Structure formats: structure tokens, C-alpha cells
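Q: Take this structure, written in C-alpha cells, and hold onto it; I'll ask about it next.
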Amino acid sequence: MLLKQMKYFITIVDCHSFTEAAEQCFISQSAISQQIKSLEKELGIRLFERNKRHFSLTPAGEYFYRHGKVILDEIEDFKEETIRRGEDQELNLTIGYPKNFSTSEFHQAIVEFNRIYPEVNISVVSGTHEELFELLVQHHIDVKISEQRRTFNEDYYNYELKHSECFVEISSMNPLSQNDVLTTDDLKNMSCILVVSKDKEDSEREFYEKSLNLSRRFLYANSLEQARLMVASQRGYLPIDQIGHLPKTMEGIERITLHYKGKPIQRNYFACWSKENTNYYIEEFVKMYKELLNK
């Protein structure tokens, strides 16, 4: 059985006409009819019930049509991906993630992805939420991992990963470190330490101040490590989200659940990438990462 015979058959059914199907396939009507007869002969069954100028599908024909369309679509995808791999001299995947982000699953996903797809060069870039969005729009990264802060744009895929739990890391020397739960009111007299890039302090501060109702006193760190050293030296507290398994805290720091109005603070984390620039590798990495997060 030839793939072109499957294509001819499916085109005939879609067009409801041998004549129109022949025109679409750029062959004569007699030739397409002969190909269908050859297909039926090879299968040993009838796919069409013919009645003068009209035809209908047999049960076998209906089955062949439904499943044949799926097979042809898969073959077309297979063909396009093969061509793309052949044309690409180098395959790259650049992933953006938040500066205050630290989960073992993210590391595991990169290691596992690299094991399965060694032909792909993976790069990672960290930034604030707004930085990552700008990098994505400018095509400097292929996909970003971040919480939802804005209305979804229809030009992008937004693939939900997991709801986060919000914690604060606080010095073990602070009396509040003995609490099982901390509230935003408990922290109102302390400085909030944010991991943020230079010139992005205002937008990040505004989000934490207005959306999470955290203190109006803010300090800034360039990296997660620097922020935690500031916490250990009792300069303030560090808000941090957990969507996977967080590493143990540094010595001298306690990690405590953060509540607001009697409820845990939660946020939705998504993987976001452009529909225009989507590809198989982005989708595979995102699925792999989500599976690790939800084990």
C-alpha cells in the first residue's frame, strides 16, 4: 500500500468527488480511480459503495479514512521535523527563569533533556519577571518560566506548571524564626529583600508591595546567594516561592510559610513561549519539567 494511495482516498472523501480530488492531486480522474481500485485489491475489501454517480463509505472505508488522516498528519509532522533538523546547523534552546528561583526539578529537567536530546545546546538566563518577558518578546530566549503577573497574550502559549507556595527566609536569630507560620503583618516592620537586576527595582518593588502586601521597606540583591547572606546577617527577610523541592536553607536561616489574611499565599507558575516560534524541543522540555514538578 502506497502513501499516495492513502492520500488519494482521503482527498476523495474530503471532496466528495473523484473529479475534484483528481484536480487537487494533479492527476487524471481515470488515474485516481485506478489507484483506488489497486488499493482495494491489495486490502481485499471494498472501501467505497458505488452507485452510478454517487458513492458512500463502507464500514471499513470509514475506519480507513479516520485513521488514515491521523497517520498522514503524523507522517507530515515527521517529514517537517526531519527537514528542519537537516537544515539546522546547530540546535539551541534558551530558557529564562526567575532570579529568585531555585528548585532541584529545574536542574533535573535540564540534565534529563540533555541526556535524551544531546544534539540540542541548552542555555539558561535568569532575570526578573519583566526582564524575562522583554527577552521573550525580543526572541532572546525561547521559553520563560515565571509566575503569572499579567493577562495572557494570545500570541503566546501559557502552559501551567504548578501552584506555588510562598515562604520567607529569615535569620535564625530573629524571634519570629520560631513561628510555624508568618503573616505579612508580622513582617511589616522588617525590610524585604528582593533579588532584582539593576534598573528593575521599581517594578519588582511595586509588585511585592501592592500584590503581596509586603512591607514598604525594601533592600535589593543581585543574586539569590547575596540575598541569603543578607538574611543571615539580619538585614531583612527574603520572600521565595516553592513549586518543587527547595534545597535546604543556609546555616543561620529558617524558611517559614507566609500567610495573608489567614490563608497561604499562592501563585500560578507557567511556561510561556511564542506560538510563532514554537518547536518540538520547547514542548518536550516543558512537559518534562512539569512531570518532575508533579511527581
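The values are calculated or read from the model by the stated rules, or taken from the named source; none is laboratory data. A quick note: this is a predicted structure, and the numbers were derived from the prediction, not measured. When we count neighbours, we look across all protein chains shown, and the Cβ atoms used for this are built from the backbone with ideal geometry, even at glycine. All accessible areas refer to the heavy atoms of the entire protein, side chains included, with ligands and DNA or RNA removed. Shrake-Rupley method; radii C 1.70, N 1.55, O 1.52, S 1.80 Å.
Q: Where residues in segment 168-181 are surrounded by 13 or more Cβ atoms within 10 Å (Cβ to Cβ) and in a loop (DSSP other than H, G, I, E, B), which of them is farthest from the chain's Cα centre (by Cα)?
A: Asn174
For every residue, the table says whether it meets (1) farther than 24 Å from Glu105 by Cα; (2) out of contact with any Pro (no Cβ under 6 Å at 6 or more places or on another chain); (3) touching a residue at least 12 places away in the same chain (Cβ under 8 Å).
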{"position": "Pro118", "(1), (2), (3)": "no, yes, no"}
{"position": "Ser123", "(1), (2), (3)": "no, yes, yes"}
{"position": "Asn153", "(1), (2), (3)": "yes, yes, no"}
{"position": "Tyr157", "(1), (2), (3)": "no, yes, yes"}
{"position": "Val181", "(1), (2), (3)": "yes, yes, yes"}
{"position": "Leu219", "(1), (2), (3)": "yes, yes, yes"}
{"position": "Ala232", "(1), (2), (3)": "yes, yes, yes"}
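Q: Given the options Glu134, Glu154, Glu130, Glu165, name the one that is under 15 Å from the mean Cα position of the chain (by Cα), open to solvent by 10 Å² or more (accessible area, probe 1.4 Å) and over 15 Å from Phe285 (Cβ atoms). Even if it seems obvious, please write down each step before you answer.
A: Working: Glu134 fails: under 15 Å from the mean Cα position of the chain (by Cα); Glu130 fails: under 15 Å from the mean Cα position of the chain (by Cα); Glu165 fails: under 15 Å from the mean Cα position of the chain (by Cα).
After applying the criteria, what remains is Glu154.
Q: I'd like the full set of residues that are closer than 19 Å to Asn279 by Cα, in contact (Cβ under 8 Å) with a residue 12 or more places away in the chain and surrounded by fewer than 21 Cβ atoms within 10 Å (Cβ to Cβ), limited to segment 137-151.
A: Scanning segment 137-151 gives His139, His140.
Q: On to the next question. Any idea which of (1) closer than 19 Å to Met173 by Cβ; (2) at pLDDT below 90 is the one Ala232 doesn't satisfy?
A: Every listed condition holds for Ala232 apart from (2).
Q: Go through (1) part of a helix (DSSP H, G or I); (2) at pLDDT 90 or above for Ile141 and report which single condition fails.
A: Failed condition: (1).
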